[in-house]
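The structure appears below as structure tokens.
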Amino acid sequence: AVKINEFRSEWAYVNGGVPQGKKLGPILFLVMINDLKMKSLNSFHWKYVDDVTISEVIKETEESRLQTELNELQQWACENDMKLNGLKCKEMVVSFLRQSDNYTPLHINDQQLELVTSFKILGLTINNHLKWNDNVAIIVKKASKRLYILRVLRRSGIPPADLLSIYNALIRSVLEYACAVWHTSLPQYLSNKIERVQKRALRILYPFTDYAEALSISRCSRLDDRRQSICQNTLQKIANPCSKLYHLLPSTRGNVHGRSLRNNNQLSLPKCRTERFKNSFIPAMCYSQVDV
């Protein structure tokens, strides 16, 4: 029913869900989605609203249980009057073995999942080599297209200060989206590729100045410096015991050694067998000796 002042409409039956905008909607959605749990100890699943990602880590001699997990997920969907769309689901195999072609295709509702080498998850594109080339190519292309907005507005006489605000809101935000996830793993040539977009933008705003002078006039920082600062701020937030990601951090050095040290508030250095893991967010920030 809808109530406006003293007037109220007749009661109507809702076939599915609840009326849009009601406080009860998110609560009922969480009640429904939170009972989705994986039974395998080797499987992990991440949920964000209606987006679910399932993964597993197995050794070369082990058999995958992902098809079993998908069958259980399919059964859960049926029990909740939902149907999984196999055409929208993707499969990606991450393996650094020399021979990694031995795998069993996955199926949902008798629909074989498409095997891809990269896919987008929550706005980030990751590939099967765990590199960020695809993601950088996408954000650079998207941001470069938006430079046209600056050119048109500059010809219309918009002052540089306003153009800078537009750049920060529409272009730089694209280049920095979720950068804490990928910045520490970024090779220098990809970092330079991203930086060139800002150089082009500032050249539009200040056409007769070099990059260093344009940064000074606009009071902007280099993008790699901004990303490093964002990573440090993200680490500070995770270091809060109330954070949902707090358990991912290693102990501080004071807790490990049990005695007072000058660097008590610094995180202990995790053991990294590969450069790939060492360059991921938490190990990289630990090795940069950031106090928390």
Sole miss for SER100 among (1) part of a loop (DSSP other than H, G, I, E, B); (2) farther than 30 Å from SER191 by Cα; (3) modelled with pLDDT of 85 or more; (4) among the polar types (S, T, N, Q) is condition (3)
With the structure loaded, tell me whether THR68 is of a type in the set (Val, Ile, Thr), more than 26 Å from the chain's Cα centre (by Cα) and assigned to a helix (DSSP H, G or I) or whether it fails that test.
yes
Per the filter on the stretch 132-154, residues closer than 20 Å to TYR189 by Cα and touching a residue at least 12 places away in the same chain (Cβ under 8 Å) are TRP132, ASN133, ASP134, ASN135, VAL136, ILE138, ILE139, VAL140, LYS142, ALA143, SER144
In the stretch 14-60, anything under 20 Å from GLU79 (Cα atoms), surrounded by fewer than 10 Cβ atoms within 10 Å (Cβ to Cβ) and modelled with pLDDT of 80 or more is listed as ASP51
> Restricting attention to the stretch 118-139, does a residue exist that is surrounded by 14 or more Cβ atoms within 10 Å (Cβ to Cβ), over 21 Å from the mean Cα position of the chain (by Cα) and at negative phi?
Replying inline: no
When restricted to THR234, THR252, THR184, the only residue of a type in the set (Ser, Thr, Tyr), in contact (Cβ under 8 Å) with a residue 60 or more places away in the chain and not assigned by the TED database to the domain that holds TYR48 is THR184
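For every residue, the table says whether it meets (1) at pLDDT below 75; (2) of a type outside the set (Asp, Glu); (3) touching a Phe, Trp or Tyr at 6+ places or on another chain (Cβ under 7 Å).
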| site | (1), (2), (3) |
| --- | --- |
| ILE217 | no, yes, yes |
| LEU235 | no, yes, no |
| HIS247 | no, yes, no |
| THR252 | no, yes, no |
| ASN255 | yes, yes, no |
| SER260 | yes, yes, no |
| ASN265 | yes, yes, no |
| CYS272 | no, yes, no |
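The values are calculated or read from the model by the stated rules, or taken from the named source; none is laboratory data. Nothing here was measured: the structure is a model prediction, and the numbers come from that model. Here the Cβ is made from the backbone with ideal geometry for all residues, glycine too, and neighbour counts use every protein chain on show.
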